[in-house]
Amino acid sequence: MAAPELGINFNGDLGREEAATRAVAAERSGVRYLWVGESKPLVHPFPIMTLLAESTMHAKIGSAILSAISNRCFHIAKAFTVLKEVYGERFIAGIAPGDLHGLRVECIASRGVVARLEKCISKIEGVVPVFVGASGPKLIELASMRSDGVILNYAHPEFIKWALRHVRRKTYIACIAPALVLPDKENIAELRGAAAVIASGANPVFIADMGIGEKVAEVKDIVKRGRWSELAEHESFLLEHFTISGSVDEVVERIEELAKLGVEQVILGSPFVKSTAFEKIINTISERLGV
């Protein structure tokens with residue numbers, strides 16, 4: 001089994017110096033991909049991607065994930081064109097519809113998302129490689145047929161097996177999930193919260209097929225009411241099913257298990273990058289995986 005490629009996900013909630021330092025440490029350890037997520041309350045991914053490009057030498061840098069509905073696809077393509085002109089062929093456009101509930105709250109039309117996403121792919125392809133973030137059957141199928149890679153929003157082996165059944169054409173398979181080496185008292189609440197948001201927004205077909213509807217409904221209700229502390233009661237379910245977390249041994253074991261299933265890149269999502277022992281941890285994981 002070939003060692004999987006590793007990616008690290010950054011969000012716009014790290015200071016510039018801290019983000020740059022950790023990007024350098026990740027690249028030095030052998031991490032080949034740096035990804036930047038989009039969240040409305042945080043700094044937009046493009047300034048962060050620029051910072052990471054300035055701070056590193058060779059790492060590929062991508063958006064994981066930009067909403068193709070709330071962002072104008074013409075502007076996405078233009079921004080990547082500028083980045084490529086300045087920093088070279090190092091960029092990947094990771095796009096997806098985004099949070100459909102959030103779009104409706106902002107009065108942004110969310111109908112016909114598959115067709116709109118396909119149109120967005122056509123505007124960006126040829127500028128940089130396009131990866132599509134997908135969790136439901138229709139998007140997984142579209143991503144495998146029309147893009148350069150699929151980013152699955154799952155990290156549990158059974159969930160990955162389910163997702164791969166919907167891939168229609170051989171393509172690059174990556175997966176992303178909140179990640180953290182435990183124990184980590186400073187970041188455990190964020191890990192639970194990130195897992196809960198993913199569970200709450202999971203595709204209905206997926207939830208039914210996996211038989212987790214009751215648990216997800218309970219978590220979704222907590223998230224809806226903003227009573228985040230109550231997620232501690234569901235920690236075991238959330239961490240096992242929606243994160244890559246545990247001891248270093250357990251994190252490495254999960255990554256290796258995903259690689260055996262055909263996942264070519266595992267992206268360690270936030271709050272992994274926030275660990276106070278980040279450099280030591282990523283060096284250990286990279287060494288263990290032989291990347």
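Every read-out reported here was derived from the displayed coordinates using simple, explicitly stated rules and does not represent laboratory data. No experiment lies behind these values; they were computed from the predicted model shown. Counting neighbours? That spans all protein chains shown, and the Cβs are built from the backbone with ideal geometry, glycine included.
Before moving on, here are some points about what is shown:
- Sites E17 and E250 - FRET efficiency at Förster radius 30 Å, r taken between beta-carbons, to 0.05: 0.45
- Taking every DSSP helix (H) stretch of at least 4 residues in the chain, weighting each as -39,500 (n - 2.57) and dividing the sum by the residue count yields a mean residue ellipticity at 222 nm of -14500 deg cm²/dmol.
- Among (1) 15; (2) 32; (3) 7, the entry derived from the coordinates for percent of Cα pairs over 37 Å apart: (3)
- Peptide packing: for 31-37, 134-140, 164-170, the average count of neighbouring Cβ atoms within 10 Å per residue gives the ranking 31-37, 134-140, 164-170, highest mean first.
- Dipole magnitude (debye, nearest 20) for the chain, charges at Cβ of Lys, Arg, Asp, Glu: 1120 debye
- A dipole drawn for the chain from +1 and -1 charges on Cβ atoms has a positive end, and of A3, S245, F159 the residue lying farthest that way is F159.
- For the stretch 136-291, the spread of Cα positions along each principal axis, largest first, Å: 42, 41, 21
- The chain, relative contact order [Cα under 8 Å, separation at least 6], %: 22 percent
- Across K40/K119; K78/K280; K78/K260, pairs whose alpha-carbon gap is larger than 29 Å: K78/K280; K78/K260
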